[in-house]
1. With only Lys, Arg, Asp and Glu charged, each at its Cβ (+1 for the first two, -1 for the last two), find how big the charge dipole of the chain is about the Cα centre; round to the nearest 20 debye.
2. Tell me, what ³J(HN,Hα) does each residue in the range 78-88 have, in order and in whole Hz, if you take phi through Karplus 6.51 cos²θ - 1.76 cosθ + 1.60 with θ = phi - 60° and put x for Gly and Pro?
3. I'd like the Karplus ³J(HN,Hα) series for the range 429-434: coefficients 6.51, -1.76, 1.60, θ = phi - 60°, whole numbers in Hz, and an x wherever there's a Gly or Pro.
4. So which of 412/475; 374/413; 113/408; 344/365; 366/412; 294/362 end up more than 20 Å apart, counting from Cα to Cα?
5. In terms of solvent-accessible area of protein heavy atoms at a 1.4 angstrom probe, what is the ranking of 167, 260, highest value first?
6. With the cut-off at 1.5 for a/c, could you classify the range 162-299 from its C-alpha gyration tensor as rounded, prolate or oblate?
7. Keeping every protein chain present and rolling a 1.4 Å probe, give me the accessible area per residue for the range 261-307 in Å².
8. Given contacts defined as C-alpha pairs under 8 Å and at least six residues apart, what's the relative contact order of the range 124-229, whole-number percent?
Amino acid sequence: MIKRVIFALFAGLLILALGALSPSLYAKEKVLTISMDAGDAGMDSFNPFTTNRTNNVYYVIYDRLVEMGADGKIYPHLLKSWKVSDDGMMITFTLRAGVKFHDGSDLNAEVLKWFLQNLATGKSKYMVAAVGSIDIKDNLTVVMNMSRPDPNILYNFTSSFTGVPSKKAIEKYGDEFGRKYVVGTGPFEFVSWKTGDSIVLKKNPNYQWGSPLSDNQGPAKIDKIVFKEIIEDSTRFLEFKTGGVQILEEAPALFLKKIKADSNARVIGMASNGNFHMIMNTTREFLSDVNIRKAIALSIDQNAILKTVFQGYGDPAYTYLIDRLPARKVEKKYEIRLDLEKAKAIMAKQGWKKDSDGILTKDGKKLSLALWSKSDSDERKTAVVIQAQLAKLGIDIKIEQFDPSSIKAEFKKNRHDLVVRSYGWDNADILEWFFNSNRPGYPNVAMWHDNESDYLMHKAMTRSKTSEERIVNFKEYHEYVLGQYLWAPIINTVKNHAISKSVKMPAPRFKILVGPPIQDMTID
């Protein structure tokens, strides 16, 4: 009996001693649950070489060579330094020492050269299109010999599309990389992905190379992240309200007042790169006529949609670019603003007359169009408002909704007429992404093909030697496509993220909240 008591006492003291030496063994696991922006659901892969869509999961599995700060400046991350020659024809990248991938392989100059070469053959190849050849200078240094100057190339490397994956893992897993296996250098490692439900990540315990923008350079303070894919806004809000999620990305505007009134929550507003618009398929009957496209665009009341759908959070969009971009500052005549009377006059001049049912008719044909949207709340609600607005012009609109994971494949079938869409991007090259005639279906949902447009696109993308020249060229390109009425611009959004007060973090220093800032987050 005495021996048992002595053993129990000894075991208890041993447990206490181990707890003192390693309290993390007994601490409650810190799990951060995030309801991702509904528009980011429906991913096809987490392989940056093969995907043409990313979400914020990329920002924590992968690191980038450089990061964009909230101040708009570029900071080093995987790169220790970079140097651009005076003529812009040679760029030298020097990597940080000691960086390892989740599989234990090293990030070195050989891997960096491989990454740049594979990026040049993938879906985002335009980002490195100006790179001619790549030389390895030493174990941590590569030299990019440019075929032309590219004043935008450092910006490109801040993108989620340019997170650096493991060479060893891609060669090992092949086509399974990006779905079953995802390996980067980031602060969190891939655990599992249930499509349409959740993505689970765990802390990378060996992480020691946080960005200079982070206070915490080492392993994250959070043990696990669960990204939930929830489409319906009311369900997202209830999950946040009841504690099912601690961060509500892009909090639905309809519920912002309730969130702000909640003592257990706070809202963090950040500069947005979001733009809502309605795309017109230029190959479809009726919409191949620029006059009809113009009349439709002039019938969209941006302010009404801002008030009704977005509860006043944001600004009306009158061009295809977000307001803070220099190339957005086009001549006033190119801005697309509500003018219903002008729209009616255009249709009358083209010979369209309203029938007894109020629908425009010409040569025995009624002007009836399908309006597509994803099934998430903002796009669906926007489609309903547009349906009523175009009825005033005399267009019969039939709304069709699609799951976010399937709508992209539907575009390639070329059955769509009008589509409510949105993007998040803060660079003028988004015009090339959406209007390049080599990408019909997706991302060129407008199915746009025009020689003058392609000429101006290539001029802006490839002949701009300085940032100033690039702005001028993109402004010219922007004005041209605005004059073709390929889209009806709607709203430039505001990023409002709802965060539980149990999540502690410093003021955001990155241009995004869900991504590298998680490095400095902790949970009470």
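The values are calculated or read from the model by the stated rules, or taken from the named source; none is laboratory data. Keep in mind that this is a model prediction, so the values were computed, not measured. No Cβ is skipped: glycine too gets one built from the backbone with ideal geometry, and neighbour counts run over all protein chains shown. SASA here: full protein model, heavy atoms, side chains in, ligands and nucleic acids out. Shrake-Rupley method; radii C 1.70, N 1.55, O 1.52, S 1.80 Å.
1. 720
2. 5, 7, 7, 6, 8, 9, 10, 5, 4, 8, x
3. 5, 4, 5, 5, 4, 8
4. 412/475; 113/408; 366/412
5. 260, 167
6. oblate
7. Accessible surface, normalised per residue, equals 35 Å².
8. Relative contact order here is 15 percent.
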